[in-house]
Amino acid sequence: MIPMPKRVATPEVDDVTARAVGREVASIVTYHLSVLDREDRLESGTGEWRQSFMDDAADRLATAKGSVLRTLQMAVDERYFGILEALAGPGHLKTGDLATRVDVGRLTLQERVSDLVSAGLAAKVPEADQVSISSAGVAVVELVHGAGAVAARDMREGG
């Protein structure tokens, strides 16, 4: 019989990964809120939509959770995770260097980097042709590497 796993506690605010991902997601969602608020004010002139959203705690939580899930889904996709790993070193990389490291065409890389930026996992400075990892991206890479190390050790020790 397989033993039931221990229940994992809900992460506290001090959880580094939760805090890093949550802050990046909040930044992205806040930007989108501003865009929608501007559009709402242009269309209706009232700005009521933003206030209604901000007053609805359940809607805000559902939006936040959905955005976090989107970010994590992208982060654990091997096609994106390889880019995050390549960016996890110090500093930033030029797009051409990154394309070489992850062995993917530049157009495909541009699309994936744009996705990572929209999820809050990376940042890009087009004028300088530079891509870097965000704090959320670093936290996810560290989480995967740490969990992988624990799993490899536990497999060796027999679980």
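Coordinate-derived values only; no laboratory data. The structure displayed is predicted, hence computed values, not measured ones. Using ideal geometry, Cβ is built from the backbone for each residue, glycine included, and neighbour counts are taken over all protein chains shown.
The table below gives the values:
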{"read-out": "Placed amide H near Val104: partners under 5 Å, 5+ positions off or other chain", "value": "none"}
{"read-out": "In sequence order, calculated HN-Hα J values of the range 16-23 (Karplus, 6.51, -1.76, 1.60; Hz; x Gly/Pro)", "value": "4, 5, 4, 5, 5, 5, x, 5"}
{"read-out": "Long-range HN-HN contacts of Ala122 with modeled amide H, under 5 Å", "value": "Val117, Ser134"}
{"read-out": "GNM result for the chain, Cα springs below 10 Å: residue of Ala75, Ala57, Ala86 fluctuating most strongly", "value": "Ala57"}
{"read-out": "Structure-derived Rg/Rh (Cα atoms, Kirkwood Rh): which label, when the choices are [x] 1.04; [y] 0.95; [z] 1.06", "value": "[z]"}
{"read-out": "Derived scalar couplings ³J(HN,Hα) [the range 78-92; Karplus, 6.51 cos²θ - 1.76 cosθ + 1.60; whole Hz; x for Gly, Pro]", "value": "4, 5, 8, 4, x, 5, 4, 4, 5, 7, 5, x, x, x, 10"}
{"read-out": "Cα centre as origin, Lys/Arg/Asp/Glu Cβ charges: the chain dipole, Debye", "value": "380"}
{"read-out": "In sequence order, calculated HN-Hα J values of the range 123-130 (Karplus, 6.51, -1.76, 1.60; Hz; x Gly/Pro)", "value": "9, 9, 10, x, 4, 9, 6, 10"}
{"read-out": "Positive-end extreme of charge dipole, the range 16-156 - chosen from Thr63, Met155, Ala119 (charges on Cβ)", "value": "Met155"}
{"read-out": "Mean Cα-pair separation over length for the chain, i.e. relative contact order, pairs under 8 Å, 6 or more apart, %", "value": "26"}
